[in-house]
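Trainee: Got a structure for you, questions after.
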Amino acid sequence: FLLIFIISFFYGVLFLSENKMYLGFMNLAGLMPVQGPGNYFVTILLQCIFIFPIIFVSFRKYPNVTMFFCFILSFTYEAIAPHISILSNNSYLYKSCILRYIFAIVLGLWLLMGTGDLREIFKRKFLWFGLIISIFYIFVFSLWKYKIPFFATSWQPQIFLSFFFPLFVCLLGMMWLPLIRKGKIVNVFLSIGKSSYHIFLVQMMFSWG
């Protein structure tokens, strides 16, 4: 990240006008001097370094309470964000706030720490109830373009109501991908997967300017 950040700075100085660069407080939160698509993910990751240990300890002691509390946090954030000027007028701050994704984080903990046998998770009503809600939400509010009036409109398809769908996809991947026979082609994809964060940082450079 620091390497890409430095390259971003010198690219902006050498090739862009001053008004197309950002130098300020948000640089400390991961915002590049010259931004590219997905830059907000870096800011989320930096927040997660500090927030995740708290959620982890809380989930181990009080899993149900922690799950419910994180759901309420995500719901509350989406409900009040359109009414807070610093969030409604700055899309980067809105989409890079960890509160948008805190319910997804605790769902990941639920998936990994709930049981030693992943097949047992398929028997849990909580998964299927949430998956039905997510699929319904994705169809109605993404494909058919309906909007929930008291949530921010631009990022509605990716709010907490849709999080059970990627959870389900991850569960399937965790169960079936290890069963694929390893070979040279599979190992190439494994290497690419392990390098995905670095690939993400580099690909931002191709959209600068």
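The values are calculated or read from the model by the stated rules, or taken from the named source; none is laboratory data. Given the structure is predicted, the values throughout are model-derived calculations rather than measurements. Ideal geometry is used to build each Cβ from the backbone, glycine not excepted, and the neighbour counts take in all protein chains shown. Quick note on the areas: whole protein, heavy atoms, side chains included, nothing else; ligands and nucleic acids left out. Shrake-Rupley method; radii C 1.70, N 1.55, O 1.52, S 1.80 Å.
Trainee: If you rank K194, K145 by how much accessible surface each has, with a 1.4 Å probe, what is the order from largest down?
Mentor: So the residues, ranked largest to smallest area, are K194, K145.
Trainee: Same structure again: Enter the accessible area of S154 (Å², nearest 10), with the probe set to 1.4 Å and all protein chains included.
Mentor: Accessible area, nearest 10 Å²: 90 Å².
Trainee: Identify, among F25, G130, F5, the residue whose Cα sits farthest towards the positive end of the charge dipole of the chain, taking +1 on the Cβ of Lys and Arg and -1 on the Cβ of Asp and Glu, with the dipole about the Cα centre.
Mentor: The one lying farthest along the dipole's positive direction is G130.
Trainee: Now a separate question. Roughly how many debye, to the nearest 20, is the charge dipole of the range 107-209 about its Cα centre, given +1 on each Lys and Arg Cβ, -1 on each Asp and Glu Cβ, and no other charges?
Mentor: I would put it at about 220 debye.
Trainee: By the scheme Lys and Arg +1, Asp and Glu -1, what is the net charge of all other residues having a beta-carbon under 15 Å from that of N64?
Mentor: +4
Trainee: To the nearest 20 Debye, how big is the dipole of the chain about its Cα centre, given +1 on the beta carbon of each Lys and Arg and -1 on that of each Asp and Glu?
Mentor: For the chain, the charge dipole is close to 620 debye.
Trainee: Right, here's the next one. Roughly what angle does helix 125-138 make with the longest principal axis of the chain, taking Cα atoms, 0 to 90 degrees, to the nearest 10?
Mentor: Tilt relative to the chain: about 40 degrees.
Trainee: At 0.36 nm per residue, minus the direct Cα-Cα distance, what do K125 and S91 gain on full extension? Give it in nm, one decimal, please.
Mentor: So the chain would gain 8.7 nm between K125 and S91.
Trainee: For the range 71-209, what does the accessible surface come to per residue with a 1.4 Å probe? Please give it in Å².
Mentor: 62
Trainee: Work out the count of Lys pairs in the chain where the Cα-Cα distance is under 20 Å, with the pair 8 or more places apart or on different chains.
Mentor: 4
Trainee: What FRET efficiency comes out for C48 versus S154 if R0 is 22 angstrom and r is the Cβ-Cβ distance? Round to the nearest 0.05.
Mentor: 0.45
Trainee: Quick check: at a probe of 1.4 Å, how many percent of the accessible area of the chain sits on carbon and sulfur atoms?
Mentor: 73
Trainee: Mind jotting down the distance between the C-alpha centroids of the range 21-61 and the range 89-108, whole Å?
Mentor: 10
Trainee: Remind me, relative contact order of the chain in percent, using alpha carbon pairs under 8 angstrom and six or more residues apart?
Mentor: 23
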